[in-house]
Amino acid sequence: VDELLAFARSCHGRGWTVATSGNFSVRIGEAHVAVTASGRHKGRLTREDITLVGLRSTGVATPVPPPSAETPLHLALYQRFPHVRAVAHTHSVAATVLSRGLSSRGFLNIAGYEMQKALEGVRSHDETIALPIVDNSQDMPALASAVEDALERFPAAFGYLVAGHGLTTWGKDVATLERHVEALEFLLACELSSIR
Ligand SMILES: [Zn+2]
């Protein structure tokens, strides 16, 4: 949890989770997830800003403090991918602008960058990294269902984009998650710079 909090605060410092935007979680044992509480400023996170939820028991009782509204999207990833132990959702300028512009296409392909090799298992700049894009919605079950469909279409994805909103990615531990967020945010910034 402390490792996740330090990483989350650093994301705020780099402009990827300004104000109260974004959310972070780490799996605790087999049945629980520690997730950032709703509405907390990401630059000043402490253990007080973390709440514990059941991996499969949302809605049974509301934990105190209440978890991020986007917690169901984190839980869906832990349920889909048993190896995933940490999840981050960021709201960078690059993820927001690119996903809004490409939402009708439904995906963003990234290829030709040395930085791709920071992603787990990627060996060459020649590989194509696909990021699915789903439309934004304030209806959480509808958004979760759209994400599930996107991950069925792109089973090898390292993350996904919600249009005009941001990036979600994951890792087998916090260190891998940190590497994936940094690599994907760098690649998205490169893509945004190249269309200006
Ligand atoms: Zn968000």
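The set of residues in region 1-57 being within 16 Å of the ligand (Cβ to nearest atom) and of a type in the set (Ser, Thr, Tyr) consists of Thr17, Thr20, Ser21, Ser25, Thr36, Ser38. Taking residues in region 148-166 that are within 22 Å of Ala94 (Cα to Cα) and touching a residue at least 12 places away in the same chain (Cβ under 8 Å), and partners anywhere that are surrounded by fewer than 17 Cβ atoms within 10 Å (Cβ to Cβ) and of a type in the set (Lys, Arg), the pairs with Cβ atoms closer than 7 Å and at least 6 places apart or on different chains are Leu151/Arg80; Ala163/Arg100; Gly164/Arg100.
If you go through region 169-196 one residue at a time, how many are part of a helix (DSSP H, G or I) and either among the acidic types (Asp, Glu) or in contact (Cβ under 8 Å) with a residue 60 or more places away in the chain (or both)? So that I can check it myself, show each step before the final result.
Going residue by residue through region 169-196, those that are part of a helix (DSSP H, G or I) are 174-194.
Those left that are additionally either among the acidic types (Asp, Glu) or in contact (Cβ under 8 Å) with a residue 60 or more places away in the chain (or both): 174-192.
Here the count works out to 19.
When region 11-59 is limited to residues that are part of a helix (DSSP H, G or I) and under 15 Å from the mean Cα position of the chain (by Cα), the one that is nearest to Val174 (Cα to Cα) turns out to be Cys11.
State which residue is nearest to the ligand (Cβ to nearest atom) when the search covers only region 73-111 and only residues that are assigned to a strand (DSSP E or B) and under 15 Å from Val181 (Cβ atoms).
Within region 73-111, the first condition is being assigned to a strand (DSSP E or B), and the residues that meet it are 86-90, 107-110.
In the following step, the residues that additionally are under 15 Å from Val181 (Cβ atoms) were identified as 86-90, 110.
Values: Ala86: 17, Val87: 12, Ala88: 11, His89: 5, Thr90: 8, Ile110: 21 Å.
Looking at the filtered set, the residue picked out is His89.
Among Arg40, Arg27, Arg14, Arg80, which is the only one that is surrounded by 15 or more Cβ atoms within 10 Å (Cβ to Cβ), modelled with pLDDT of 95 or more and among the basic types (Lys, Arg)?
Working: Arg40 fails: modelled with pLDDT of 95 or more; Arg14 fails: surrounded by 15 or more Cβ atoms within 10 Å (Cβ to Cβ); Arg80 fails: surrounded by 15 or more Cβ atoms within 10 Å (Cβ to Cβ).
The unique qualifying residue is Arg27.
The values are calculated or read from the model by the stated rules, or taken from the named source; none is laboratory data. Remember, it's a predicted structure, so these values are computed and weren't measured experimentally. Cβ atoms come from the backbone with ideal geometry, glycine included; neighbour counts cover every protein chain shown.
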